[in-house]
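First the structure, in the form of C-alpha cells, and then the observations on it.
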Amino acid sequence: MKPLKFPHRSHGDRLPSYNHYRTLARLISKHAWLYTEMITAETIVHQKDNLDRFLAYSPEQHPIVLQIGGSNLESLAKATELANEYHYDEINFNCGCPSSKVAGHGCFGVRLMLDPMFVGEAMSVIAANTDVPVTVKCRIGVDDHDSYNELCDFIYKVSSLSPTRHFIIHSRKALLNGISPAENRSIPPLKYEYFYGLLRDFPDLRFTINGGITCIGEVNAAIRAGAHGVMVGRAAYNNPWQTLGHVDSTIYGKPSSSLTRRQILGKYQVYGDSVLGKYGQKPNVRDVVKPLLHLFYSEPGNGLWKRKADTAFRHCTTIKSFFEETLRAIPDSVLDSPVGETPVGRDELFADINSLLPPPYEVREQELLYA
C-alpha cells in the first residue's frame, strides 16, 4: 500500500494506496483524499501505450492524487503531460521514499532532499505541464543532514523556486545506511516539533503531517495543534474499518456511509469479480482480496477468517466463491454492526508541542542565490 490523506476539513485526509485498496477505502469513506502508490516518471513514459494499467481508476475514487517519482526533468514533464488525460485532482512529487532501489540506485525519492535546487526545478516543470495543484512529500532530513535549519532550507528553496505551496512532511528523517523501508518507518525517532516549527516559520505555506499517527482521535489532535492536514498510511491499511469509518463524520462533518461490513463486501465483490484476469493472469483472487485481510482487525473470528482465506486462495476462482467459503468464520454481529465509537488515541501526542519547537528559522538569501 502507498498514501491516504486526512488534511484539514476544507481539503481532506490523505492515504497512499494501490487500486484495489483504494476501491475498498472509498466504499468506507467518501471524503478522504486517496494517493496512488509512487509511480516513476520513466514508467509512465515507457508505458505510454499501456497507461490504463498504471493510471486508470474508477471515477468514485475522487479526490485522488497521483504520486510520481524521478530525477529526469524531461521524463517528469512528459509523464505529467501523459497523466493529464486521467484527471487526477493533484500531483505529488515523492521526495521521501528511502528504499535502496529508489534513493540508492535510482537517485531519487528522499535523496532529492539533498538537492533542493533540482526539486524546485522539477516542481516548476511538473506545474508547467498540468492545471492541478502540485505538492511535495518529504522527510525531515537524510542521514546526518537532519537539522531543523537544513529542513527549512529545503522548504524555503523549493517554495521560492517553484509554485509549490503544500508539503507533506513525514516527521522522521531517513537513514540510507542499508536499513529497510519498514525500519525507516520506525527506527528514526519522530520529531513532530520540526513539523510544527514549519507551521510557525512558513505561515504562507500549507503542511500536512505524516508519521506515527494511528487513529482518528490522533488525527484530530494533530489538527487541533494546527496541522493543515494529516496523512495516515499504515493505520488505515492495517485497520481500515476503524480508521476510515470515522473520517467522513469526525474529520469532515459529513454523514458517514452507514454501510455495514457485509454491505461493503457485497459492493466489493461486484468490483472484484469485474476486474479478475483483466491483464491476463492478473489480478487474481489473492490480489483482489489482499486489502480485505485487515477488515476484521481484532474482531471475533478474524484469525479463523485468515486461515480460511489461505486455503481458499488455492482454489477459488471468483470473489463470490471466496466469500461463500470464508465469511462463515465471521459472526453476523460483526458483519452487520455499524462502525464503533471513535478511538481516542494518545491525547498527549501534541499536548506540549509548542514548548518543544526549535529556534525560529532565519532565511539566508545567499544560500538560495549560490547553492
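Conditions tested, residue by residue: (1) crowded, with 24+ Cβ neighbours inside 10 Å; (2) within 21 Å of Tyr297 (Cα to Cα).
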{"position": "Thr208", "(1), (2)": "yes, no"}
{"position": "Ala221", "(1), (2)": "no, no"}
{"position": "Gly229", "(1), (2)": "yes, no"}
{"position": "Arg234", "(1), (2)": "no, yes"}
{"position": "Asn239", "(1), (2)": "no, yes"}
{"position": "Leu244", "(1), (2)": "yes, yes"}
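Can you name the residue in region 318-348 that is at pLDDT below 90 and assigned to a helix (DSSP H, G or I) and is also farthest from Ser256 (Cα to Cα) among such residues?
Selected residue: Glu348.
Report yes if Val136 is surrounded by fewer than 18 Cβ atoms within 10 Å (Cβ to Cβ), of a type in the set (Val, Ile, Thr), closer than 30 Å to Asn84 by Cα and under 19 Å from the mean Cα position of the chain (by Cα), otherwise no.
On the way: surrounded by fewer than 18 Cβ atoms within 10 Å (Cβ to Cβ): no; of a type in the set (Val, Ile, Thr): yes; closer than 30 Å to Asn84 by Cα: yes; under 19 Å from the mean Cα position of the chain (by Cα): yes.
Against the criterion (surrounded by fewer than 18 Cβ atoms within 10 Å (Cβ to Cβ), of a type in the set (Val, Ile, Thr), closer than 30 Å to Asn84 by Cα and under 19 Å from the mean Cα position of the chain (by Cα)), Val136 does not qualify.
In this structure, is Leu265 over 28 Å from Glu348 (Cα atoms), surrounded by 17 or more Cβ atoms within 10 Å (Cβ to Cβ) and in contact (Cβ under 8 Å) with a residue 24 or more places away in the chain?
So Leu265 passes the test.
Let's see how each residue does on (1) modelled with pLDDT of 95 or more; (2) in the same structural domain as Ser58 (by TED's automatic domain parsing); (3) in contact with a Lys or Arg (Cβ under 8 Å, 6 or more places away or on another chain):
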| position | (1), (2), (3) |
| --- | --- |
| Ala79 | yes, yes, no |
| Glu85 | yes, yes, no |
| Tyr88 | yes, yes, no |
| Phe93 | yes, yes, yes |
| Ser99 | no, yes, no |
| Gly109 | no, yes, no |
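Restricting attention to region 176-206, report how many residues are over 20 Å from Ser160 (Cβ atoms), surrounded by fewer than 20 Cβ atoms within 10 Å (Cβ to Cβ) and in contact with a strand residue (DSSP E or B) (Cβ under 8 Å, 6 or more places away or on another chain).
1
Is it fair to say Arg307 is modelled with pLDDT of 95 or more, of a type in the set (Lys, Arg), within 24 Å of Leu27 (Cα to Cα) and in contact with a helix residue (DSSP H, G or I) (Cβ under 9 Å, 6 or more places away or on another chain)? Full working, then the answer.
Details: modelled with pLDDT of 95 or more: yes; of a type in the set (Lys, Arg): yes; within 24 Å of Leu27 (Cα to Cα): no; in contact with a helix residue (DSSP H, G or I) (Cβ under 9 Å, 6 or more places away or on another chain): yes.
Criteria not met by Arg307.
Please list, ordered by first then second residue, the pairs with beta carbon atoms under 9 Å, 6 or more apart or interchain, first in region 280-307 and closer than 17 Å to Lys267 by Cα, second exposed (fewer than 13 other Cβ atoms within 10 Å of the Cβ).
Final answer for the pair search is Val285/Thr317.
Within region 142-162, does at least one residue satisfy the condition of being under 19 Å from the mean Cα position of the chain (by Cα) and crowded, with 18+ Cβ neighbours inside 10 Å?
There is no residue in region 142-162 that is under 19 Å from the mean Cα position of the chain (by Cα) and crowded, with 18+ Cβ neighbours inside 10 Å.
For region 277-293, check the following and say yes or no: at least one residue is surrounded by 18 or more Cβ atoms within 10 Å (Cβ to Cβ), over 28 Å from Asp52 (Cα atoms) and either in the same structural domain as Pro240 (by TED's automatic domain parsing) or within 27 Å of the chain's Cα centre (by Cα) (or both).
The answer is no, given that none of the residues of region 277-293 is surrounded by 18 or more Cβ atoms within 10 Å (Cβ to Cβ), over 28 Å from Asp52 (Cα atoms) and either in the same structural domain as Pro240 (by TED's automatic domain parsing) or within 27 Å of the chain's Cα centre (by Cα) (or both).
Tell me, yes or no, whether region 166-186 has at least one residue that is over 27 Å from Lys101 (Cα atoms), assigned by TED's automatic domain parsing to the domain that holds Ala128 and hydrophobic (A, V, I, L, M, F, W, C).
No, region 166-186 contains no residue that is over 27 Å from Lys101 (Cα atoms), assigned by TED's automatic domain parsing to the domain that holds Ala128 and hydrophobic (A, V, I, L, M, F, W, C).
Within region 327-360, track down each residue that is in contact with an Asp or Glu (Cβ under 7 Å, 6 or more places away or on another chain) and of a type outside the set (A, V, I, L, M).
Hits for region 327-360 are Gly345, Arg346, Pro358, Pro360.
Could you tell me which numbered condition Leu66 fails, if it satisfies all but one of (1) modelled with pLDDT under 95; (2) assigned to a strand (DSSP E or B)?
Result: Leu66 passes all but (1).
Could you grab me the full set of residues in region 143-166 that are part of a strand (DSSP E or B) and within 21 Å of Leu356 (Cα to Cα)?
His145 - this is the single residue of region 143-166 that is part of a strand (DSSP E or B) and within 21 Å of Leu356 (Cα to Cα).
The values are calculated or read from the model by the stated rules, or taken from the named source; none is laboratory data. In this text, all values refer to a predicted model and were calculated from it rather than measured experimentally. FYI the Cβ positions are ideal-geometry reconstructions off the backbone, even for glycines, and counts take in every protein chain you see.
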